[in-house]
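So the structure is just underneath, and the comments pick up after that.
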Amino acid sequence: MRVVSGSAKGRPLKAVPGTGTRPTTDKVKEALFSMIGPYFEGGAALDLFAGSGGLGIEALSRGMDKAVFVDLEPKSIEVIRENLKATKLEGQAAVYRNDAGRALKALAKRNTTFDLVFLDPPYRMKNGHELMLTMHELELLEEGATMVLEYESKHEYPEQFGPFEQTRKAVYGETAVSIYEYVADAAEDEQENRITEEEAPHD
């Protein structure tokens, strides 16, 4: 594994020892960033279920201002810190060992918001869309934020739910990647229209 492009291009990244994590391959990473960037003019990223931190580090290398990395495994936290140090990006990063749900609540208390979110939960978990809706409820997302959901290709997520709309989807063997755009204003307008229609007198 390495950083594919940007300021830390070519820097090798350590993987988390053992078989508990499934790092995004360089090939998938390159394809993924060509879909969402490939480069950024600032902003904040969240790498939930960060594993080795490869996605968040790639986003920093490609121009994001800062990134928050969250993982529950102590080994992952250690590897993320080592990879940030190796890429000289530790000054732009915050690393937290926490469960995803608790981490989101803690970030909300700090009034943190994100422009880019990576969600790569273990394949046994099928709750990527629920976590995205939680982020919406906790007001953790900037309008127009990009959500990158990586999951087992046998599983299907809805193309649209709440304020999230799928803009791209790609399958690489057993890995699928869906890109969603967060459009809170559109969801609110839709809700207001629905309420207005319900209140309107019927013939």
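None of the figures in this text is laboratory data; all of them are computed from the coordinates on show. In this text the structure is predicted, and so the values were computed from the model without any measurement. Heads up, the Cβs are rebuilt from the backbone with ideal geometry, glycines too, and the neighbour counts pull from every protein chain shown.
Within the set of other residues whose C-beta is less than 11 Å from the C-beta of Ala86, count the net charge using Lys and Arg as +1 and Asp and Glu as -1. Write out the running numbers ahead of the final one.
On the way: positive: Arg2, Arg11, Lys14, Arg81, Lys85, Lys88; negative: Glu82, Glu90.
That sum, taken over residues with Cβ under 11 Å, equals +4.
At 222 nm, what helix-only mean residue ellipticity would the chain give, in deg cm²/dmol to the nearest 500, using -39500 (n - 2.57) for each DSSP H run of four or more?
Values: 6 runs with 68 residues, N = 203.
One gets -10000 deg cm²/dmol as the mean residue ellipticity at 222 nm.
Step by step: find N for segment 19-106, compute 2.2 N^0.38 Å, then divide the Cα radius of gyration by it. What's the final number?
Values: Rg = 12.4 Å, N = 88, 2.2 N^0.38 = 12.1 Å.
Normalised Cα radius of gyration, segment 19-106: 1.03.
For the chain, take N as its residue count and report Rg(C-alpha) divided by 2.2 N^0.38 Å. Don't skip to the answer; put the middle values down first.
Numbers: Rg = 17.6 Å, N = 203, 2.2 N^0.38 = 16.6 Å.
My calculation over the Cα atoms of the chain gives 1.06.
Counting only DSSP beta bridges with both residues in the chain, tell me the antiparallel percent, nearest 5. Don't jump to the answer; show the numbers that get you there.
Details: 18 of 37 bridges.
Of the beta bridges lying entirely in the chain, close to 50 percent run antiparallel.
Multiply the residue separation of Lys126 and Thr167 by 0.36 nm, subtract the distance between their alpha-carbon atoms, and state the gained length in nm to one decimal.
On the way: separation 41, 0.36 × 41 = 14.76 nm, distance 1.98 nm.
Full-extension gain reported as 12.8 nm.
May I ask you to compute the full-extension gain from Lys75 to Asn98, defined as 0.36 nm times their residue separation minus their alpha-carbon distance, rounded to one decimal in nm?
Numbers: separation 23, 0.36 × 23 = 8.28 nm, distance 1.26 nm.
This chain segment gains 7.0 nm when fully extended.
Can you pull the three principal axis extents for the Cα set of segment 79-195, in Å, largest first?
The Cα atoms of segment 79-195 stretch 51, 38, 22 Å along their principal axes.
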